[in-house]
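*Asks:* Just dropping this structure here.
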Amino acid sequence: MKVLKSNKFKVSAVVVVLVLGVSIGGTIAWLHRSTDTVRNSFDPGLVNVTIDENFEPGDVRNKTVVKQVRIKNSRQDSKGNGNLNVVPAYIRVQLVPTWVKDADNETTGKKEQVVLPVDAAALIDYQLNLKSSSKNDPSKSNDVDGDWVQGDDGYYYFTKPVNPDKYTDYLLETVSGKSGVTFPQEGYLELNVLVDAIQATNTKAANDAWGNPTTCLLYTSDAADD
């Protein structure tokens, strides 16, 4: 079983879960305010990842924004009820920044988000917690003694399987604007956090499913941490 979730930061919310070729839509957003994660779940033997975040609202054009993001393999369903049949999972995350603005839809008259032709990635810096090397680390403690490593495919991979109701370490800590760059006068940053998870039945299955994303096998142990 493989699960993909998306967490967008600002107004709307979309989560996508892929199970045996079935997709279900949903989203989440930030940078001026934060919303709850949308949760979708399936039985039996499911992977139910949720995005846990600690957010201090701000504008990256003039301050460093604390935005801590870690992933949980949760037993709780969308209503907060527990005891789902969740299994250990490998997890990877992709960070996709865009610059958007709110505009009126001429047909409906309602506000909608419009992506601007701006290279948002060139405007911002991340403080990431890779291989436990984060400086001035504001994060809380994690449940699983693993590391985040960057693959050659744009994803960050957590190196240990995550057991039910356990968290990865924090990947993202803060977001800030780069010095010496010119920011758009309108709009705001929207950072999409894409989460992909797969059952940790064995390391070969995870590496095969994700195409051996580094120069060697990413996962080296089949044992899940308690």
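The values are calculated or read from the model by the stated rules, or taken from the named source; none is laboratory data. Only a predicted model underlies this, so the values are computations on that prediction, with no experimental measurement involved. Please note: Cβ atoms are built from the backbone with ideal geometry, for glycine as well, and neighbour counts cover all protein chains shown. Surface accessibility is based on the protein's heavy atoms, side chains included, excluding ligands, DNA and RNA. Shrake-Rupley method; radii C 1.70, N 1.55, O 1.52, S 1.80 Å.
*Asks:* Ignoring ligands, DNA and RNA, how do VAL181, VAL115, VAL86 rank by accessible area with a 1.4 Å probe, largest first?
*Replies:* Sorted descending by solvent-accessible area, the residues read VAL115, VAL181, VAL86.
*Asks:* For ASP165, which sequence-distant residues (separation of 5 or more, or a different chain) have an amide H within less than 5 Å of its own amide H, given hydrogens modelled in the peptide plane?
*Replies:* Close amide H contacts, sequence-distant or interchain: ASN73, SER74, ARG75.
*Asks:* Using packing as a proxy for protection, rank 87-94, 48-55, 107-114 so that the peptide with the highest average count of other Cβ atoms within 10 Å comes first.
*Replies:* The densest-packed peptide leads the list: 87-94, 48-55, 107-114.
*Asks:* In addition: With every protein chain left in place and a probe of 1.4 Å, what is the accessible surface of SER78, to the nearest 10 Å²?
*Replies:* 80
*Asks:* Taking amide hydrogens as modeled 1.01 Å from N in the peptide plane, which residues meet the under 5 Å criterion relative to THR174, leaving out close sequence neighbours?
*Replies:* HN-HN under 5 Å from THR174: LYS67, GLN127.
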